[in-house]
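The values are calculated or read from the model by the stated rules, or taken from the named source; none is laboratory data. Worth saying up front: this structure is predicted, and the values here are computed from it rather than measured. All Cβ positions, glycine included, derive from the backbone under ideal geometry; neighbour counts span all protein chains shown. Surface accessibility is based on the protein's heavy atoms, side chains included, excluding ligands, DNA and RNA. Shrake-Rupley method; radii C 1.70, N 1.55, O 1.52, S 1.80 Å.
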Amino acid sequence: MNRLAKPGKAKADLGQQSKQLALDERELVAPDRLAQTITEFVEWRAFSYWLRLTVETQGSVSNPMIAILQLRCPGFLEYATAFAHEHPAEPEFLWLRFLEWIDEKVFHVSTAEGWRHALGYYATRDPRMDQLRAYWKQCRRAWKLQPPESFPSFEAWREAALQHR
């Protein structure tokens with residue numbers, strides 16, 4: 001048997017299991033509620049891409065970014081600080097802490113009600129996520145070569161990302 005065929009089959013099996021779990025969990029939530037939560041999920045993922053791009057390009061969390069995070073996400077910076085103290089040897093990936101925090105604070109109901117996998121499954125397949133990822137990659141490449149003179153607001157960045165084809 002071809003040894004290279006096994007990883008492909010395992011990946012296909014895993015994909016099929018994930019799809020089936022999402023289909024099963026989808027039955028636990030009303031379609032309009034799932035759709036609204038997917039939109040909210042995409043919005044927070046957009047914010048995380050913008051946060052990552054801005055912080056990594058600037059090399060630190062600027063005072064304006066601190067103010068934005070305090071306003072939009074009260075408690076997040078304290079969470080990230082506590083995590084850093086509890087895990088001093090782990091690299092600081094603020095955006096990753098942000099995703100953990102948002103999942104815990106905003107999407108905890110989907111977890112408690114048993115449809116969190118369905119949320120992630122369908123949200124990651126949403127065309128808006130493709131646009132966000134593609135635009136984030138484009139900006140990351142461009143900003144490494146030449147950072148912008150002034151960084152766009154989240155709203156301006158998200159708007160440009162969702163216009164990206």
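Things worth noting here:
- For Phe83, the solvent-accessible surface computed with a 1.4 Å probe is close to 40 Å², ligands and nucleic acids excluded.
- Surrounding net charge for Gly114, when Lys and Arg each add one and Asp and Glu each subtract one, Cβ distance under 12 Å: -2
- For Arg140, the accessible area of its heavy atoms, probed at 1.4 Å with every protein chain present, is near 80 square angstrom.
- Bridgeable lysines around Lys19 (alpha carbons under 23 Å apart, same-chain partners fewer than 8 residues away excluded): Lys6, Lys9, Lys11.
- With each label modelled as a point 7 angstrom along the Cα→C-beta vector, the Glu100-Ala156 pair spans 3.3 nm.
- Share of carbon and sulfur in the accessible heavy-atom surface of the chain [1.4 Å probe, %]: 57
- Counted charge near Lys105, where neighbours are those whose Cβ lies closer than 15 Å (Asp, Glu -1; Lys, Arg +1): -2
- Between helix 76-86 and the chain: long-axis angle, C-alpha atoms, 0 to 90°, nearest 10: 80
- Neighbour net charge for Thr37 - beta-carbon separation under 13 angstrom, K R +1, D E -1: -3
- Residues of type aspartates and glutamates that Lys105 reaches as a straight line, Cα spacing below 17 Å, ignoring anything fewer than 8 places off in the same chain: Glu40, Glu43, Glu78, Glu113
- Accessible surface, the chain, averaged per residue in Å² (probe 1.4 Å): 63
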